[in-house]
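Asks: Here it is, the structure in full.
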Amino acid sequence: MSNIKDAFRNGKAFIPFITCGDPDLETTAKVVRAAAENGADLIELGIPFSDPTAEGPVIQGANIRALAGGITTDKIFDFVAELRRDVKIPLVFMTYANVVFSYDAERFMARCCETGVGGIILPDLPYEEKDEFSDIARRYGVDIISLIAPTSANRIAMIAKEATGFIYVVSSLGVTGTRSEITTNIGDIVKVIRENTDVPCAVGFGISKPEQAKKMAGLSDGAIVGSAIIKLLEQYGKDAAPYVGEYVKSMKEAVMEA
């Protein structure tokens, strides 16, 4: 049993996404700590992959920069073990199925357990194929985080009933990236989720402004932001931590108003 639900115990959750190793792991550590200190309830750590199909140009760029800098899955596990000396909030990985396969699924989940990573998000893992990982993950207390998208339709109830940790509600069709507005009827999706499970759900994809975060958290249990944070890293590089901290603070305050 992971500690992911702790992120949702004190009201609405704010969940930032950070790509490990962009521009380097030292900077990632500073950014993670700044996010945790400024109200992040759970942090998604991206393990870079050469073909991140769910990502828009901003997060693709972060993946490319991290891989060019020599980042590996082993280095990320060692990094998280060090991080866990003082960062106590829940952490989950976001990556792709091939990363887990190539590392060896059993070894991957064992190291998640050792380093206190409570869950994993695999956007390219269809619900129908999740058993390839879920049994191993369960043995090590790692939650496979389910994604529910606008196209999930009559599959929402089915996915929700088996969900663990939290549910990632994808706000929009397409890839990650900031959007001027979110037009999907999130309320209808969340209604079906809540009829089928008490596992919390948070909305991601396209959120970048406090008013968007407040609106999405008002419809669900929290808001997830990635591209807007990666843009700050792209802009400020190794000096990004205070800017990310300030941004996380403003977004956390917004979701708490929801």
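No value in this document is a laboratory result; all are computed from the given coordinates. Fair warning: this is a prediction, and the values are worked out from it, not measured in the lab. All Cβ positions, even for glycine, are placed from backbone atoms using ideal geometry, and neighbour counts span all protein chains on display.
Asks: Which aspartates and glutamates does LYS215 reach when only Cα atoms under 17 Å apart count, and residues fewer than 8 places away in its own chain are ignored?
Replies: Once the sequence-local aspartates and glutamates are set aside, what remains near LYS215 is GLU181, ASP188, GLU253, GLU257.
Asks: Now, a different point. Could you go through region 69-86 in sequence order and give the Karplus-derived ³J(HN,Hα) for each residue, using 6.51 cos²θ - 1.76 cosθ + 1.60 with θ = phi - 60°, rounded to whole Hz, and x for Gly and Pro?
Replies: Result, rounded to whole Hz: x, x, 5, 9, 4, 4, 4, 5, 4, 4, 4, 5, 4, 5, 4, 5, 4, 9.
Asks: I need the shape label for region 1-137. Rule: rounded when a/c is under 1.5, else prolate if a/b > b/c, else oblate, with a, b, c from the alpha carbon gyration tensor.
Replies: It comes out rounded by the Cα gyration axes.
Asks: Could you name the lysines whose alpha carbon sits less than 27 Å from that of LYS130, not counting residues in the same chain fewer than 8 places away?
Replies: LYS5, LYS75, LYS161, LYS191
Asks: A further question follows. What order, most packed first, do the peptides 87-100, 58-71 have when packing is the mean number of other Cβ atoms within 10 Å of each residue?
Replies: By packing density, highest mean first, the sequence is 87-100, 58-71.
Asks: Report, by chain and number, residues whose modeled amide H sits under 5 Å from the one on SER146, excluding near sequence neighbours (fewer than 5 apart, same chain).
Replies: The answer is THR164, PHE166, TYR168.
Asks: Then there's this: What is the order of MET158, MET109, MET216, fewest Cβ neighbours within 10 Å to most?
Replies: MET158, MET109, MET216
Asks: Just to confirm my numbers, what's the Cα centroid distance between region 10-30 and region 181-244 in Å?
Replies: 14 Å
Asks: Tally Lys and Arg at +1 and Asp and Glu at -1 over the other residues with C-beta under 10 Å from the C-beta of LEU91: what net charge comes out?
Replies: My count for the surroundings of LEU91 gives +1.
Asks: Considering only LYS191, LYS238, LYS215, give the residue with the highest GNM mean-square fluctuation for the chain, with springs between Cα atoms whenever their separation is below 10 Å.
Replies: Taking springs between Cα atoms under 10 Å, the residue moving most is LYS191.
Asks: How large is the dipole of the chain about the Cα centre if only Lys and Arg carry +1 and Asp and Glu carry -1, each at its Cβ, rounded to the nearest 20 debye?
Replies: Rounded to the nearest 20 debye, it is 580 debye.
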